[in-house]
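See below for the structure under consideration.
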Amino acid sequence: MVLKLLASCLFICLVYVPLAVARIRYHKWDVKYELKSPDCYKKLVITINGGSPGPTIFAQQGDTIIVEVTNKLFTDGVTIHWHGIQQFGTPWSDGRGGVTQCPIVPGDTFKYEFKVERAGTYLYHAHYGMQRDAGLYGSIQVSLPDGVSEPFAYDYDRSIILDDWYHKSISEQAVGLSSIPFVWVGEPQSLLIQGKGKFDCSSVPSPAGVCNVSNPECSPYSITVIPGKIYRLRVASLTSLSSLSFQIEGHDMTVVEADGHYVEPFVVKNLFIYSGETYSVLIKADQEPSRNYWMTTNVVSRPPNTTNGLAILNYYPNHPLQSPTTVPPHGPIWNDTAPRFAQSLAIKARQGFILAPPPTSDRVIVFLNTQNLVNGYFHWSVNNVSYTVPDTPFLIALKLKLGHVFDQTPPPNGYDFVNYDIYNVAKNKNGTTSNGIYRLDFKTTVDIILQNANTMTPNNSETHAWHLHGHDFWVLGYGTGKFDMYKDPKNYNLVNPIMKNTVPLHPYGWTALRFKADNPGVWAFHCHIEPHLFTGMGVVFEEGIDKVGDLPSSIMGCGRTRGFGRRP
């Protein structure tokens, strides 16, 4: 009798114990211009529901996120990219204007809907024109399912987005980049930590009321910590131009996650971070608790012409805005490439969480990063070809078989690596433009070699940050000088390479990546430095387009789809 009762109870428990179910996370956003003073200097900022950065999206692995975006920018279209979210089954929600959708027209509402498949730290940001630079961005935090633990322990979780900030409007920057004579955007006026910075108002004349250092909008960002506790800081960069170093006075940082993948832990005094990257670091509040400490960020890889960004690590119960009496840490020297290169090499997949890459690839594409002239206009390019955006987004054109709306000639798979001198200005600076795409055989393995070179300025090779939509890739290796296709692959890390979605390309160096073309759709791969992308430094991959489901009519309405009905 007792056994029967136990069996009955076990059956009932197995049937009726509630299982963890995926949730729907719904957000409704108004995107509009507002006058803000994030660094004490008032200018037009693109906000989400009145704020910049926008609201953090919190979700759990397996959840579906729905964001209804209403464009209230009066005259400008807008799209939003969910940076690091792979969009399996929903390529039309990737948010790259001209690639996966038409822009959301002023006054219209567009619904993004997608599933978050992997726990980790991600971002969202505008991906139309240069709108990201105007403040339209935010964080995405995806946690593990209930009952599943991270492979590291911490007490509290915080997010920090680093950004560089310009006082010129994005329209003025875009016009300068598109003009003869070419007008470069120059160095940023400020560095922001979680949307807050401090510009020296006395450094330039400005009309009354435009710059005010006492404006509470530009009070330093402050994170409050309890002495003795361990904090997970999710540090992300969405800079327009700058590579950065981030440091916390008196505190070591243990790197444990990169772009949603667990890292074999290593300790740093300063974290090098490039536009589009995300990291989780652990810090312990183990310093003298009677005072606060500085958090700082500074520009590396470019001559420093921007004041360091400052924030406060507030030890409870000190006042959150009590400035430390110490001198803020300055960070490393801007032109010392060795420690930046060393950090890139140090990032490996954590033991127990290694997803080994395929041992070989089916295709190798080499992308020479160059600066070119096209009919007298300055462009950034790959293989001397500058990418242009078609009027009809590629996803729509390919799915509807509108082959005539973009160039059907595929871009080059490489460059003249035997004769090209990466250390000097090219003898022929001229390049071309194209909106042709790379067609990848579905489920094949692709290697990408990013090769850096000299720009059109003597003795100058810039740091680039490359981001791949729709995929994570294995980082097989980094090197200096010109990539040797016969020797360098022998040294690839095929044992524990980290997987990422954004990776740096160091000056006069190369970076090798491998990914599987297993996500049906059309995906951008581009430099995440905004003026470089704006002037053509990117490509587009197509894979498995015949396996993409019916396209929602809401992504149409531009180019050859104007008559297709913009909204259902």
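The values are calculated or read from the model by the stated rules, or taken from the named source; none is laboratory data. As the structure is a prediction and not an experimental result, all values here were calculated from the model. We place every Cβ from the backbone using ideal geometry, glycine too, and count neighbours over all the protein chains shown. Ligands, DNA and RNA are excluded from the accessible area calculation, which covers all protein heavy atoms including side chains. Shrake-Rupley method; radii C 1.70, N 1.55, O 1.52, S 1.80 Å.
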Matching option when the condition is part of a loop (DSSP other than H, G, I, E, B) and of a type in the set (S, T, Y), among Y122, Y128: Y128
Of the criteria (1) over 18 Å from D163 (Cα atoms); (2) in a strand (DSSP E or B); (3) touching a residue at least 24 places away in the same chain (Cβ under 8 Å); (4) among the aliphatic types (A, V, I, L, M), which one V267 fails: (3)
Just one listed residue, out of A153, A174, is over 21 Å from E277 (Cα atoms), open to solvent by less than 70 Å² (accessible area, probe 1.4 Å) and outside any strand (DSSP E or B), and it is A174
In region 190-209, the residues that are more than 28 Å from the chain's Cα centre (by Cα), under 16 Å from Y166 (Cβ atoms) and either among the aliphatic types (A, V, I, L, M) or crowded, with 20+ Cβ neighbours inside 10 Å (or both): V204
Reported set for region 310-344 where residues are surrounded by 13 or more Cβ atoms within 10 Å (Cβ to Cβ) and outside any loop (DSSP other than H, G, I, E, B) is L310, A311, I312, L313, N314, Y315, T337, P339, R340, F341, Q343, S344
Restricting to region 281-301, what's the tally of residues that are surrounded by fewer than 16 Cβ atoms within 10 Å (Cβ to Cβ) and either in contact (Cβ under 8 Å) with a residue 40 or more places away in the chain or under 30 Å from the mean Cα position of the chain (by Cα) (or both)? 2
If T224 meets every condition in (1) more than 22 Å from D286 (Cβ to Cβ); (2) of a type in the set (V, I, T); (3) open to solvent by 10 Å² or more (accessible area, probe 1.4 Å) apart from one, which number is that one? (1)
Would you point out which residue out of D94, D76, D63 is surrounded by 18 or more Cβ atoms within 10 Å (Cβ to Cβ), touching a Lys or Arg at 6+ places or on another chain (Cβ under 6 Å) and among the charged types (D, E, K, R)? D63
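For region 345-387, list the strands (runs of 3 or more DSSP E) that sit wholly inside it and hold at least 2 residues that are under 19 Å from L494 (Cα atoms); which are they?
In region 345-387, the matching strands (runs of 3 or more DSSP E) lie at 363-374.
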Those residues of region 236-259 that are farther than 22 Å from I312 by Cα and either open to solvent by 10 Å² or more (accessible area, probe 1.4 Å) or among the aliphatic types (A, V, I, L, M) (or both) come to a total of 3
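Residues checked against (1) of a type outside the set (A, V, I, L, M); (2) on the phi < 0 side of the Ramachandran plot; (3) not in a loop (DSSP other than H, G, I, E, B):
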| site | (1), (2), (3) |
| --- | --- |
| I46 | no, yes, yes |
| P55 | yes, yes, no |
| F58 | yes, yes, yes |
| G62 | yes, no, no |
| V67 | no, yes, yes |
| T75 | yes, yes, no |
| Q86 | yes, yes, no |
| G89 | yes, no, no |
Residue match in region 268-275 (condition: open to solvent by 30 Å² or more (accessible area, probe 1.4 Å), more than 19 Å from P320 (Cα to Cα) and not small (G, A, S)): yes
Among residues belonging to region 369-399 that are in contact with a Ser or Thr (Cβ under 8 Å, 6 or more places away or on another chain) and of a type in the set (A, V, I, L, M, F, W, C), point out the one that is surrounded by the fewest Cβ atoms within 10 Å (Cβ to Cβ). V374
Return a yes/no flag: does region 420-441 have any residue that is open to solvent by 10 Å² or more (accessible area, probe 1.4 Å) and among the aromatic types (F, W, Y). yes
Scan of region 105-115 for residues that are surrounded by 22 or more Cβ atoms within 10 Å (Cβ to Cβ) and in contact (Cβ under 8 Å) with a residue 60 or more places away in the chain, ordered by number: F110
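The rows are residues; the columns are (1) open to solvent by 10 Å² or more (accessible area, probe 1.4 Å); (2) closer than 27 Å to F378 by Cα; (3) within 23 Å of the chain's Cα centre (by Cα); (4) at pLDDT 95 or above.
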position: H506; (1), (2), (3), (4): yes, yes, yes, yes
position: L513; (1), (2), (3), (4): no, no, yes, yes
position: K516; (1), (2), (3), (4): yes, no, yes, yes
position: H528; (1), (2), (3), (4): no, yes, yes, yes
position: G538; (1), (2), (3), (4): no, yes, yes, yes
position: E542; (1), (2), (3), (4): yes, no, yes, yes
position: P552; (1), (2), (3), (4): yes, no, no, yes
position: F564; (1), (2), (3), (4): yes, no, no, no
position: R567; (1), (2), (3), (4): yes, no, no, no
Of the conditions (1) of a type in the set (V, I, T); (2) within 18 Å of S139 (Cβ to Cβ); (3) assigned to a strand (DSSP E or B), T296 fails just one. Which one is it? (2)
